Structures are given as structure tokens and as C-alpha cells.
Amino acid sequence: MAQSDTPHSYTLVVSCPDRTGIVHAVSGAILADEGNILESRQFDDRETGRFFLRVVFETERDDALVRERMAGIADEFAMDWRLEVTGRPVRTLILVSRFDHCLGYLLYKMRMGELPMDVVAIASNHPASAMTVSTIGDIPFHHLPITKETKAEQEARIKALVDETGAELVILARYMQILSDDMAAWLSGRCINIHHSFLPSFKGAKPYHQAHRRGVKMIGATAHYVTGDLDEGPIIHQAAEVVSHEDTPEDLVRKGREIESRVLGKAVGWHLTHRVFLNDGKTVVFGN
């Protein structure tokens, strides 16, 4: 059907070379489809010359018609763009090791309706009995043990699991295994990692210039996209936690669990709601 009586909500994300008329063209297309804009955020990066736009709108038009109209505009402005049904659960694979606090946090947020994701599988290099806080329920669990000698075979099984489940996003929820260069490159741009440290580490001259080029948000636990260089991917979110001389190592571990969970949960939520744009080696994040 070309039109229905019930409005559909869509999220449009656009990245393209900056030039005049982009917002006018997009809003005009939405108006032509009798759409109503609910949210709109934009950013013009003067350094890279890229323009970023996220628009949430409602229309009674069928999405095929909306996509057809947007395709013409995209060609005119050389856009990289996606049109997503707002709130559609993203098929997600979570990898975890023995420490499952981040996994438990993500599953709780999902079950509370706060993260629009469909966890299609959980995989771990430890058995399910090692999970201490997570209630996995009926989510398929895969024990994929790994040794130095079986690393290639184990990573091949993870790749097969991604393909079999149709996972659109992979989350390393304190998955304490260093991915091979091949695996990291294969997951590039569709995998989020939580690093229990401050990233990146800047050495040499002009550290603040280096930090600016990498798009640092805060100092603390770091959530970032996986790229071919595992811990050097574009940063999505960072946060800090205050510690003092009174804190014991156990206190630091406890505080670390909390901040890691929060930072990863926020970064995953932004990704799932299409608020994160890759921008060279950095990200543009229209956080909420």
C-alpha cells in the first residue's frame, strides 16, 4: 500500500559533503510525503568538510515511497544515508568472558525496554556456569573455548555465528580476548568494545592536538568502535570516576564495574538509535 491511516515513525541519518541546500532538500522531501518532523539534529564539521544530519519524522506514506524520494536527493548531494524504522530492535551478538557485569547491565536495560535490541546470541570463552550476575534466560548461549593454538578456529566460529544469526551489531562486553587483525578488520564499524582504561594514550609532542584528532570525550572507561587496530577505533563515549587514597584495589574494581557498564550501555544505546556517525577517525554523537 502507498499510504495507511496509521503514521509510521522513521529515523533518517545522513552524511555528505557540506554544501548549501541540504536541510531544505531533506525537509522538503519529508513535507512532500506529508511528514511531520519530531526531532532534528545537525553538525557541520569545518575540518573534514562533512555535514551530518539525523531526523526523526512521522508520515502515513509507505517506506518504499519515502526511500524512493530520498534516493533522488541522496544522488544529488552525494549522501551516505539510511532510513530506519524508529525503534526497530537491532539484531545483536554479545561476546563476554568471565566478568559479566556489562552483559547483565545490557540485558537488564533491554528487558526494561530501554535498549531497542534483539540479542540473537551470547558467546563466551567460558561456560555459562561462569556467569555470576547475568540472567541469560532463553537467549542462545555458545561456549567457544579458545587457546593460542585454536584462536583461528574459534574466531571462524564467531564469524559463522554472526552470519547464521544475522547479527547487525557485535558487542565486546568485557570479552577478554585480543581479536586477530583479520577478525578486527572483519568487524570494523559494526562492533563496539568497552575498554576498562583511558583511551587513547597520547605520547610525544602536542598531546592535546593528538587528543583532538581522536575525538576524546572524557578520561575514564572508553567505549569505541572496533577497527583493524583493535583499541584505536573511533571513540563513542567516555566517563570518569573519582578515586582517592582511601580506595582499596577492591574499591577500584567495584567502581570500575559500574563505570564500564554505564559507558558501554550509553554507547550501545546511541548506536541502536542511530545517533552515532563515523567521521574520519572520530565520531559525531547526537546524544540524548
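The values are calculated or read from the model by the stated rules, or taken from the named source; none is laboratory data. Fair warning: this is a prediction, and the values are worked out from it, not measured in the lab. Positions of Cβ are generated from backbone atoms using ideal geometry, with glycine treated the same way; all protein chains shown enter the neighbour counts.
Quick one: residue 65 ticks every box in (1) within 17 Å of residue 10 (Cα to Cα); (2) of a type in the set (A, V, I, L, M, F, W, C); (3) touching a strand residue (DSSP E or B) at 6+ places or on another chain (Cβ under 7 Å) bar one, so which box is it?
Of everything listed in (1) within 17 Å of residue 10 (Cα to Cα); (2) of a type in the set (A, V, I, L, M, F, W, C); (3) touching a strand residue (DSSP E or B) at 6+ places or on another chain (Cβ under 7 Å), residue 65 misses just condition (3).
Conditions tested, residue by residue: (1) buried (at least 16 other Cβ atoms within 10 Å of the Cβ); (2) touching a residue at least 40 places away in the same chain (Cβ under 8 Å); (3) of a type outside the set (Ser, Thr, Tyr); (4) out of contact with any helix residue (DSSP H, G or I) (no Cβ under 8 Å at 6 or more places or on another chain).
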site	(1), (2), (3), (4)
16	yes, yes, yes, no
20	no, no, no, yes
37	no, no, yes, no
86	yes, yes, no, yes
98	no, yes, yes, no
102	yes, yes, yes, no
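Which pairs do you get when a residue that is at pLDDT 95 or above, found in the range 154-166, comes within reach of a residue that is among the basic types (Lys, Arg), reach meaning Cβ atoms under 8 angstrom, with the pair 6+ apart or on two chains?
Listed pairs, sorted by first residue: 165/91; 166/91.
Looking only at the range 241-264, decide whether some residue is part of a loop (DSSP other than H, G, I, E, B), exposed (fewer than 13 other Cβ atoms within 10 Å of the Cβ) and either among the aliphatic types (A, V, I, L, M) or modelled with pLDDT of 95 or more (or both).
yes
Checking residue 202 against (1) modelled with pLDDT under 70; (2) within 22 Å of residue 151 (Cβ to Cβ); (3) out of contact with any strand residue (DSSP E or B) (no Cβ under 7 Å at 6 or more places or on another chain), which test does it fail?
The number of the failed condition is (2).
If you check residue 54 against the conditions, is it surrounded by fewer than 20 Cβ atoms within 10 Å (Cβ to Cβ) and charged (D, E, K, R)?
No; evaluated as a whole, the condition is false for this residue.
Within the range 124-140, track down each residue that is more than 11 Å from residue 103 (Cβ to Cβ) and either crowded, with 16+ Cβ neighbours inside 10 Å or polar (S, T, N, Q) (or both).
Matches in the range 124-140: 125, 126, 129.
If residue 65 meets every condition in (1) more than 25 Å from the chain's Cα centre (by Cα); (2) free of Cβ contacts under 8 Å to residues at least 12 places away in the same chain apart from one, which number is that one?
In the conditions (1) more than 25 Å from the chain's Cα centre (by Cα); (2) free of Cβ contacts under 8 Å to residues at least 12 places away in the same chain, residue 65 misses (2) alone.
Has the range 258-281 got at least one residue that is touching a residue at least 60 places away in the same chain (Cβ under 8 Å), acidic (Asp, Glu) and closer than 23 Å to residue 45 by Cβ?
Yes.
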